Amino acid sequence: MDVKNNYTPEYVKALKKLTYSEIKVLDKVAEGYTSKEIAKILNNSPRTIEKHRENINKKLNLKHNGNLFQWCEEYVNER
């Protein structure tokens, strides 16, 4: 899934809250990758990816990483 090509209003609103790095992480979460896998793909440390995920969760008002994946799945299904 390419997050940047999903134009549902709520998704666009959410993307405006995120940094470019957070969007790249969100894209990989939506594709089903783990933090460790995302770190390898994006050439970052797993801790950096976890911090991005934390920030994404806060900005989207989500409480857990699992909620982030569920949030992504909703928008994958709406495409």
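Values in this text are rule-based calculations from the coordinates and carry no lab data. As the structure is a computational prediction, the values presented were derived from the model and not from experiment. Note that each Cβ is placed from the backbone with ideal geometry, even for glycine, and that neighbours are counted across all protein chains shown.
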Normalise the Cα radius of gyration of the range 4-60 by 2.2 N^0.38 Å (N = residues in it) and let me know the number.
1.08
Summed residue charge, Cβ within 14 Å of SER35's Cβ, Lys/Arg positive, Asp/Glu negative:
+1
Point-charge dipole on Cβ atoms (K/R +1, D/E -1) for the range 3-78, about Cα centre, debye to 20:
400 debye
Peptides 25-35, 41-51, 10-20: what's the order by average Cβ count within 10 Å, highest mean first?
25-35, 41-51, 10-20
Describe numerically, in nm with one decimal, the distance between label points set 7 Å from Cα along Cα→Cβ at GLU31 and at ASN55.
2.0 nm
